[in-house]
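The structure appears right after this line, and notes come after that.
The values are calculated or read from the model by the stated rules, or taken from the named source; none is laboratory data. None of the values given here were measured: they were computed from a predicted structure. Cβ atoms come from the backbone with ideal geometry, glycine included; neighbour counts cover every protein chain shown. What goes into the accessible areas is simple: the full protein's heavy atoms, side chains included, and nothing from ligands, DNA or RNA. Shrake-Rupley method; radii C 1.70, N 1.55, O 1.52, S 1.80 Å.
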Amino acid sequence: MIKVGIVGSAGYTGGELLRVLIYHPDVEIVFANSASNAGNKVYAVHNDLFGDTELEFSTDFHSDIDVLFLCVGHGDARKFLDTNPVDPSVKIIDLSQDYRLKANTAYQGGHFVYGLPELNREAIKSAQYIANPGCFATNLQLALLPLAAKDLLPEQIHINATTGSTGAGQKPSPTSHFSWRSGNLSAYKSFEHQHLQEVSESLNQLQPNFLPQSDQSLLERAMQRINMIPQRGAFPRGIFSAIYVTSELTEDEAYTLYENYYASHPFTWVSKANIDLKQVVNTNKSIMHLEKHGDQLLVLNATDNLLKGASGQAVQNMNLMFGLDERAGLNLKPIGF
């Protein structure tokens, strides 16, 4: 059994991780660290787990484990590792943004590998440390990687993407409050969402020179190529993106390209029928649909921000790191209704 420790287990991503791992056939959860909830049953916070586990939150932290998941806030993972030494034998999967960008990957004489299996599967298998991708970044990269792999990304990419309220985290805010969010729609961080940095580095990995060469910041260079309007949706979870690019591909050629690229990836699917968000909510799937309109190729993509966009992908990475079936513990059913 793989011995697992979780830090930050009381939040949304920590809760999703617990939901998956308590039924994972190859995992033993050694500790679920949460200073604010120590001594409480896990189901006292994640009350949907009542009847599924008697595990308690604790302040425990040690290296007598095989893998450590960090489900803490952005900026807090690096601080935690700086003040809490981890034995070099322990694998680490960080769900924050602290180690995702190429300039920030160094740790304990090694480096964090960017954990998008559809891009870096072989590197993930041999990695000691994984930087789990962001939720928007996962959705957008999966929609664009097949084009980048064939050097087919044009000068400008246009994106409209809507995310559920859980993407803002568990701590309440004015824009996640039910009475404001319900029946509402708004845009935020237009053209300058931080996940564009991850997206642009991954696209540049497959299509060299995608990123403009200049002294500008990574975000500023990404913004020259990617035009993104993020929106807050009136639903709890999921991301639905509509991306369009100028392309000479026919619709049939585009489908062949995408189907071939994702043929060996078990959670990424291309549908010739139109898609909707409920097909992927509560799963580790990403489902895409393609349409050609004149010279524009439209790519629709739906993912669950808490699973494929966070904790499910983290478990997928763990499976790869330990030589398990990539799908272990992740055969989840969508909610349907």
### Message
For the condition outside the structural domain of Leu249 (by the TED database), among the aliphatic types (A, V, I, L, M) and open to solvent by less than 10 Å² (accessible area, probe 1.4 Å), what is the one hit in Leu101, Leu145, Leu116?
### Response
Leu116
### Message
With the requirement that a residue be under 18 Å from the mean Cα position of the chain (by Cα) and β-branched (Val, Ile, Thr), what does region 80-128 give you?
### Response
Ile92, Ile93, Thr105, Val113, Ile124
## Note on the structure
Taking region 236-276 and the residues there that are of a type in the set (A, V, I, L, M) and touching a residue at least 40 places away in the same chain (Cβ under 8 Å), the one that is nearest to Lys171 (Cα to Cα) would be Ile239
### Message
Quick check on my filter: what residues within region 119-142 are over 22 Å from Ser247 (Cβ atoms), part of a helix (DSSP H, G or I) and open to solvent by 10 Å² or more (accessible area, probe 1.4 Å)?
### Response
Asn120, Arg121, Glu122, Ala123, Lys125, Cys135
### Query
Among the residues of region 219-235, how many are open to solvent by 40 Å² or more (accessible area, probe 1.4 Å), not in a loop (DSSP other than H, G, I, E, B) and not aliphatic (A, V, I, L, M)?
3
## Note on the structure
Of the residues in region 286-337 that are basic (Lys, Arg) and within 23 Å of Asp94 (Cβ to Cβ), the one that is surrounded by the fewest Cβ atoms within 10 Å (Cβ to Cβ) is Arg327
## Note on the structure
Residues in region 153-188 that are assigned to a strand (DSSP E or B) and either among the acidic types (Asp, Glu) or over 19 Å from Leu142 (Cα atoms) (or both) total 2
### Summary
Of the listed residues (Gln279, Gln313, Gln296), the one being under 26 Å from Ile130 (Cβ atoms) and at pLDDT 95 or above is Gln313
### Message
Given the criteria exposed (fewer than 15 other Cβ atoms within 10 Å of the Cβ) and more than 21 Å from Asp276 (Cβ to Cβ), does Ser173 qualify?
### Response
yes
